[in-house]
Amino acid sequence: MITGEKSGISLAMVAEAAMVFAKTDVAAKARGVTAFLVPLDRPGVSRSGLRDMGTRAMGRAVLSFDHVRVPLSHRLGAEGSGFYQVMQGFDYNRVIIALAALGAAQVSLEETMAYAKERKAFGRPLVQYEGVSFPIAEAATHIDAARLLCHRALWLADHGQPYTKESAMVKWWGPRLAVETIHQCLLFHGHYGYTAELPFEQRMRDVIGLEIGDGTAEVMKIIVARELMGREALPY
């Protein structure tokens, strides 16, 4: 039987089943976690939707389990291997999250460049003002660099090499860079950029959520420091 609660689960309001990692050996640490596929219509399962500021289509929710019976046939992998299963997926997911954030930043920048060439102020296109063109040039540089680091991480994964450091790097950098870029694009569009008629406010709200999922920036920097300098770099 499984008893417990997990909050912030993406797609939890629409999913028919969930992969649940539960303690099967209380005395053990990492080796005491096992993965199960739990149908969400089983007795004892309840879900409560969250009212998020962004990515509302994800339908995040709190999942609660009250003495939910799960047959042995629903176990995923060997008993005690759950922690290692989830850790293997983290590195890949973090790179994909970073790429998703950078995609939102890229399209926002492209739209802003087109707008800056058309919109005029004091008789000249906005693109001729360095206060507009320089931030655009900087954002394009940073997005390209972050994307290339994502590609390096995936290249390492394809070649069976460790990429924990690179995935943690792009996970904290990519979403933060996207938020900053989209925010700047919103400002360049003036008061219309602040309205819901343009997509920037929604994109910015959505990308802020990507700063949290699969590990915050602070956690990612701890991982990077550990990969660079060893466990001596871990905080007390």
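The values are calculated or read from the model by the stated rules, or taken from the named source; none is laboratory data. Not measured: the values here are computed from a predicted model. Every residue, glycine as well, gets a Cβ built from its backbone with ideal geometry; the counts of neighbours run over all protein chains shown. Protein only, heavy atoms only, side chains kept; ligands, DNA and RNA dropped before computing areas. Shrake-Rupley method; radii C 1.70, N 1.55, O 1.52, S 1.80 Å.
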For VAL127, are the conditions met, namely being under 28 Å from the mean Cα position of the chain (by Cα) and either surrounded by 12 or more Cβ atoms within 10 Å (Cβ to Cβ) or more than 30 Å from ASP144 (Cα to Cα) (or both)? no
Select from the range 219-233 the residues that are under 23 Å from the mean Cα position of the chain (by Cα) and open to solvent by less than 80 Å² (accessible area, probe 1.4 Å) and list them in ascending order. VAL219, MET220, ILE222, ILE223, VAL224, ALA225, ARG226
Only one of ALA15, ALA57 is out of contact with any strand residue (DSSP E or B) (no Cβ under 6 Å at 6 or more places or on another chain) and open to solvent by less than 50 Å² (accessible area, probe 1.4 Å). Can you tell me which? ALA15
Could you pull out the residue among SER108, SER81, SER167 that is farther than 30 Å from MET229 by Cβ and either open to solvent by 30 Å² or more (accessible area, probe 1.4 Å) or hydroxyl-bearing (Ser, Thr, Tyr) (or both)? SER108
Of all residues in the range 22-45 being out of contact with any strand residue (DSSP E or B) (no Cβ under 7 Å at 6 or more places or on another chain) and basic (Lys, Arg), the one that is modelled with the lowest pLDDT: LYS29
Could you check the range 177-218 and list, in sequence order, the residues that are farther than 20 Å from ILE97 by Cβ and surrounded by fewer than 16 Cβ atoms within 10 Å (Cβ to Cβ)? LEU187, GLY190, HIS191, TYR192, TYR194, THR195, ALA196, GLU197
